[in-house]
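Worksheet: the structure to be examined is printed underneath.
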Amino acid sequence: MGLAILLGAFGGCLLLGVPVAFAMGIAAASAFFYEGFPLLITFQRTISGISVFSLLAIPFFVFAGEIMLHGGIAARLVRFASALVGHVRGGLASVNIFSSMLFGGISGSAVADISALGSLLIPVMKEKGYSGDYAVNVTVTSSIAGIVIPPSHNMIIFAVAAGGGISISKLFLAGVVPGMLMCICLAIAAYAVAIKRNYPAEPFPGWRAALVAAGAAIPGLITAVIIVGGVLSGVFTVTESGAFGAIYALALTVFAYRSLSWTSFVTAVTSAVRTTSMVMILIGFASAFAYLLALYQVPTLLTNLLVTISDNPIIILLMINVMLLMLGMIMDMAALILICTPIFLPIAREIGMDPIQFGIMLLVNLGLGLCTPPVGTCLFVGCAVGKVKIEQALRTIWPFYLALLVALILVTYVPAISLTLPAMFD
Amino acid sequence: MAFVRATGRFQTPRVGNVSEETQSVGALTRTLNVLSKICLFASSFSLVLLVVIFGWLVFGRYVLNVTPTWVEQLSLLLVGYITFVGSATGVRENSHLGVTLFREMLGSPYCEIASALADLILAAFGVVMMVACLELMQFGWSTDLPMLNIPESFRTLPAFLCGAFSCLFAGTRGVLQIIQLFHTADASDERSL
């Protein structure tokens with residue numbers, strides 16, 4: 001009965017449109033009340049859920065990403081990417097994907113990626129004869145790579161939702177190859193569509209111009225090197241490297257690039273606060289919610305249910321992926337990481353999947369959900385930035401969905417893609 | 001009205017003494033907007049302070065070889081303010097992650113009813129949060145936070161504020177939506193007569 005109250009209150013609140021974080025809080029408070037616990041336990045768990053030292057990295061990553069977004073780093077990265085890959089057929093699409101890989105690696109946010117690169121590249125692509133839907137689709141789907149390319153605050157959310165015990169530095173390493181794989185799959189899809197639609201290639205600007213572009217972009221890319229390198233080398237903790245990365249990004253955009261005005265700084269700070277509070281309150285209430293899920297043994301119940309359908313790990317992983325894809329269509333990423341990790345991770349462990357690989361699979365899968373309607377934040381932001389109707393973008397997005405699905409299947413069923421790099425640093 | 005523009009669905013109620021009612025709703029909206037801005041400013045200041053003190057921690061630990069131990073405790077405290085006080089602004093701005101798809105499928109006026117109901121539920125939860133956190137603050141008053149030597153209650157204070165502001169912001173919006181719904185129903189009754 002307690003479980004029914006927990007899930008019923010959560011589902012009811014979601015149907016009415018209560019924000020997901022508060023829906024979890026309301027559901028947890030209702031279940032605690034039913035079980036006879038004092039209501040303040042809900043808030044005690046919520047406060048202790050966010051008072052975790054490793055979670056401090058989230059505001060730093062988000063802040064660094066916002067500073068990069070408003071501080072002019074994106075334009076330099078685009079010039080660098082253009083010099084390197086702009087001369088292939090449909091060159092600007094490749095530039096877009098490559099830039100996403102670089103910028104996503106710094107900001108760790110798909111939405112920041114679309115806002116920064118989309119506003120730069122989509123108008124240029126349209127000007128050069130690319131259709132608006134193609135430009136938007138390339139921008140939207142390639143932004144997902146940034147979620148798995150380190151550093152990524154979603155990886156920290158996953159590590160926390162997994163109950164600790166998962167190395168964040170290993171997660172960072174595990175995301176590199178899948179992120180690149182996603183970009184390669186998308187580049188192939190973009191190239192195929194470009195040939196079919198006869199899109200042009202950009203002229204090669206020459207090695208000198210490429211070197212100048214690299215020189216301008218490298219200081220920005222160093223932010224990612226500081227964060228990831230600091231963690232991997234053991235010099236910094238994740239939180240310290242996040243703080244150092246944020247300060248470096250601020251110093252770079254203020255003193256070196258001289259591109260961050262006071263207004264941009266205020267916008268970056270308030271935007272970082274909005275994102276951080278949204279994510280952290282989700283984590284807080286999810287902590288109380290997850291406690292009750294564990295109390296009612298939901299993971300065990302679901303494992304037993306899935307095992308009765310099939311004991312074949314391939315089928316079980318397929319079912320998990322299908323469920324995650326469906327949930328990803330209606331709910332946002334951070335909330336789903338927090339809700340699904342305590343439920344599905346024990347199942348993945350039960351069938352012998354490494355938790356690191358599961359984490360990457362989860363992020364790729366839920367990333368795909370950000371591009372799918374009816375609730376697809378990246379798709380909506382991309383369409384708004386590119387001034388393209390959602391239905392127009394959806395009509396031609398299929399090759400890109402297919403490319404991401406191929407990447408997801410490979411990440412799910414080929415452990416080496418995620419686990420080789422972490423194993424090398426063991 | 002800023003919140004009316006933000007939701008894009010509701011207009012100022014237009015019955016009774018129109019100008020008086022509009023003025024009072026306008027004043028209420030302005031007050032709530034100011035409160036929301038104060039919350040956003042407090043959270044933003046906390047974030048900047050967090051970056052500064054953590055920068056000091058890294059500098060102290062790796063350059064001066066003296067770790068300022070109070071930074072970790074203060075950081076955890078500041079994250080609470082960023083999270084909870086910033087979330088109150090999120091309630092006002094309707095910017096929290098939510099699934100509005102299902103209620104939008106209902107069409108008018110059920111969508112508006114569901115929206116008002118969601119706001120009132122959120123407001124009620126805000127009251128519960130406020131009362132429970134007040135109790136937690138009372139418990140924590142006699143215990144000090146390590147390194148900071150301030151009462152433990154300061155860790156619970158932002159959650160209390162979040163409850164209070166969420167109740168105020170969501171409750172006001174919910175009540176105004178219901179008033180608007182009644183006015184719309186009255187107007188359509190008058191037209192049918």
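The values are calculated or read from the model by the stated rules, or taken from the named source; none is laboratory data. Since the model is a prediction, treat every value here as computed from it, not as a measurement. Note that we place each Cβ from the backbone using ideal geometry, even for glycine, and neighbour counts take in every protein chain shown. Accessible surface areas use protein heavy atoms only, side chains included; no ligands, DNA or RNA. Shrake-Rupley method; radii C 1.70, N 1.55, O 1.52, S 1.80 Å.
Here is how the numbers come out for the structure above:
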quantity	calculated
Helices (runs of 4 or more DSSP H) (entirely within region A:69-140) containing at least 1 residues that are crowded, with 24+ Cβ neighbours inside 10 Å and not aliphatic (A, V, I, L, M)	A:73-85, A:91-107, A:110-113
Candidates B:118, B:27, filtered to the one that is more than 22 Å from residue B:155 (Cα to Cα), among the hydrophobic types (A, V, I, L, M, F, W, C) and at pLDDT 90 or above	B:118
Residue A:195 open to solvent by 50 Å² or more (accessible area, probe 1.4 Å), touching a residue at least 24 places away in the same chain (Cβ under 8 Å), in contact with a Lys or Arg (Cβ under 8 Å, 6 or more places away or on another chain) and away from chain B (no Cβ under 14 Å)	yes
Residues within region A:198-214 that are in a helix (DSSP H, G or I) and either among the aromatic types (Phe, Trp, Tyr) or open to solvent by less than 20 Å² (accessible area, probe 1.4 Å) (or both), tallied	4
Options A:166, A:156, A:147; residue that is closer than 30 Å to residue A:276 by Cα and outside any helix (DSSP H, G or I)	A:166
Residue in region A:286-294 that is more than 28 Å from residue A:27 (Cβ to Cβ) and either within 14 Å of chain B (Cβ to nearest Cβ) or assigned to a helix (DSSP H, G or I) (or both) present	no
Residue identified as open to solvent by 40 Å² or more (accessible area, probe 1.4 Å) and free of Cβ contacts under 8 Å to residues at least 60 places away in the same chain among A:343, A:316, A:320, A:351	A:351
Failed criterion for residue B:37 (all others in (1) more than 9 Å from chain A (Cβ to nearest Cβ); (2) among the charged types (D, E, K, R); (3) farther than 29 Å from residue A:333 by Cα hold)	(3)
Selection from region B:99-109 of residues that are without any contact (Cβ under 8 Å) to a residue 40 or more places away in the chain and more than 22 Å from residue A:331 (Cβ to Cβ)	B:107, B:108
Residue that is farthest from the other protein chains (Cβ to nearest Cβ) [pool: residues in region A:51-60 that are open to solvent by less than 10 Å² (accessible area, probe 1.4 Å) and modelled with pLDDT under 85]	A:57
Single match in A:63, A:22 (criterion: within 7 Å of another protein chain (Cβ to nearest Cβ), open to solvent by less than 20 Å² (accessible area, probe 1.4 Å) and within 18 Å of the chain's Cα centre (by Cα))	A:63
Hits in region B:93-115 (condition: farther than 25 Å from residue B:156 by Cβ and more than 7 Å from chain A (Cβ to nearest Cβ))	B:94, B:104, B:105, B:106, B:107, B:108, B:109, B:110, B:111, B:112, B:113
Only listed residue being more than 21 Å from the chain's Cα centre (by Cα) and in contact (Cβ under 8 Å) with a residue 12 or more places away in the chain, chosen from A:170, A:128	A:128
Single residue of A:76, A:45 found to be closer than 22 Å to residue A:187 by Cβ and either free of Cβ contacts under 8 Å to residues at least 60 places away in the same chain or more than 21 Å from the chain's Cα centre (by Cα) (or both)	A:76
Candidates A:308, A:303 - the one that is free of Cβ contacts under 8 Å to residues at least 60 places away in the same chain and touching an Asp or Glu at 6+ places or on another chain (Cβ under 8 Å)	A:303
Answer from B:66, B:52, B:71 - the residue that is closer than 21 Å to residue A:231 by Cα and away from chain A (no Cβ under 14 Å)	B:66
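Okay, residues lined up against (1) small (Gly, Ala, Ser); (2) in contact with a helix residue (DSSP H, G or I) (Cβ under 7 Å, 6 or more places away or on another chain); (3) open to solvent by 30 Å² or more (accessible area, probe 1.4 Å):
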residue: A:254; (1), (2), (3): no, no, yes
residue: A:268; (1), (2), (3): yes, yes, no
residue: A:295; (1), (2), (3): no, no, yes
residue: A:298; (1), (2), (3): no, yes, no
residue: A:301; (1), (2), (3): no, no, yes
residue: A:304; (1), (2), (3): no, no, yes
residue: A:330; (1), (2), (3): no, yes, yes
